[in-house]
There are 2 protein chains.
Amino acid sequence: MSPSPAALLHGTLDALILKTLSWGPRHGYAIARWLEEMTGEVLQIEEGSLYPALYRLERRGLIQSEWGTSELNRRAKFYQLTDAGRARLMEEQEEWTRFTDAVSRVLRHA
Amino acid sequence: MSPSPAALLHGTLDALILKTLSWGPRHGYAIARWLEEMTGEVLQIEEGSLYPALYRLERRGLIQSEWGTSELNRRAKFYQLTDAGRARLMEEQEEWTRFTDAVSRVLRHA
DNA sequence: ATTGCATACCCAGTCCCACTAGGCAAGAGC
DNA sequence: GCTCTTGCCTAGTGGGACTGGGTATGCAAT
């Protein structure tokens with residue numbers, strides 16, 4: 001019924017990508033698959049969201065890319081966190097906790 | 001010491017408003033004040049976000065309004081939940097839980 | 001060899017929504 | 001008079017997820 005919540009994802013995709021890359025370099029497609037697997041398919045990462053987000057993050061210097069070869073021997077662009085990206089991830093994690101705690105206080109108030 | 005930046009609302013404003021109104025009719029200004037108080041000022045409800053959201057919700061039939069007089073004797077538009085709004089609130093609460101659980105699984109994965 | 005599928009990337013355009021930056025108005029208090 | 005607070009509203013902006021396309025490669029089965 002309710003697919004991936006577009007509005008809710010708004011703003012958190014960057015943090016999710018950064019977090020995924022904190023385990024090591026990955027190419028875009030693998031990032032999407034990993035996120036979907038981790039969340040039990042609750043989050044569905046559309047390619048039209050993913051690739052622009054990766055472009056954005058790279059332009060901001062939070063990740064950097066390098067062409068390589070995927071596990072299945074295909075051409076793929078591998079991304080990895082920069083130091084700035086690692087710092088940014090920590091900020092976003094804190095921010096997310098603050099935010100969700102606040103919203104939860106309201107929505108779960110009985 | 002500068003106050004910590006307000007958390008972005010991304011997608012939750014509608015649910016927050018509906019939840020606020022679940023305690024009874026309120027006018028716009030009071031909704032904003034109540035939400036800020038409830039969240040310890042973590043969420044800051046800008047009027048340029050609030051009033052368009054109220055308009056949106058009413059247009060969708062989730063709330064309905066009525067002009068009245070505020071506690072301080074000023075002209076104010078009071079909003080209350082419709083049945084559709086009440087149903088929608090329940091959906092959004094579930095959706096919120098599903099979403100945050102999923103994101104938490106990722107961001108807090110160690 | 002050709003069809004089909006999964007992998008992998010990209011872009012132009014759209015839509016939604018929070019936010020910015022104002023304005024309007026009335027009551028309270030100085 | 002003047003300012004502060006309360007209360008409502010709107011036009012415009014910008015960011016970000018999504019839609020709907022396209023390109024290309026590797027593999028497996030027909």
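FYI, it's all coordinate maths here, none of it is from the lab. Given the structure is predicted, the values throughout are model-derived calculations rather than measurements. Reconstructed Cβ throughout: ideal geometry from the backbone, glycine too, with neighbour counts over all protein chains shown.
Quick rundown of the values:
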| quantity | calculated |
| --- | --- |
| Qualifying residue in the range B:48-55 (condition: at the interface with chain A (Cβ under 10 Å from one of its Cβ atoms) and more than 10 Å from DNA strand C (Cβ to nearest atom)) | no |
| The range B:83-103 residues that are within 7 Å of chain A (Cβ to nearest Cβ) and under 14 Å from B:LEU16 (Cα atoms), paired with ones that are surrounded by 13 or more Cβ atoms within 10 Å (Cβ to Cβ) and of a type in the set (Asp, Glu) (beta carbon under 7 Å, 6 or more apart) | none |
| Hits in the range A:85-105 (condition: among the hydrophobic types (A, V, I, L, M, F, W, C) and either surrounded by 14 or more Cβ atoms within 10 Å (Cβ to Cβ) or in contact with an Asp or Glu (Cβ under 8 Å, 6 or more places away or on another chain) (or both)) | A:LEU89, A:TRP96, A:PHE99, A:ALA102, A:VAL103 |
| Residue in the range B:22-44 that is out of contact with any strand residue (DSSP E or B) (no Cβ under 7 Å at 6 or more places or on another chain), part of a helix (DSSP H, G or I) and small (Gly, Ala, Ser) present | yes |
| Residue check, A:ARG74 over 13 Å from the mean Cα position of the chain (by Cα), more than 12 Å from chain B (Cβ to nearest Cβ), among the charged types (D, E, K, R) and within 14 Å of DNA strand C (Cβ to nearest atom) | yes |
| Positions within the range B:51-71 being part of a helix (DSSP H, G or I), more than 8 Å from DNA strand D (Cβ to nearest atom) and not acidic (Asp, Glu), in sequence order | B:ALA53, B:ARG56, B:LEU57, B:ARG59 |
| Criterion: within 14 Å of DNA strand C (Cβ to nearest atom), of a type in the set (Ser, Thr, Tyr) and within 9 Å of the chain's Cα centre (by Cα) - qualifying residue of B:THR39, B:THR12 | B:THR12 |
| Hits in the range B:45-92 - residues which are over 22 Å from B:ARG33 (Cβ atoms) and polar (S, T, N, Q) | B:THR82 |
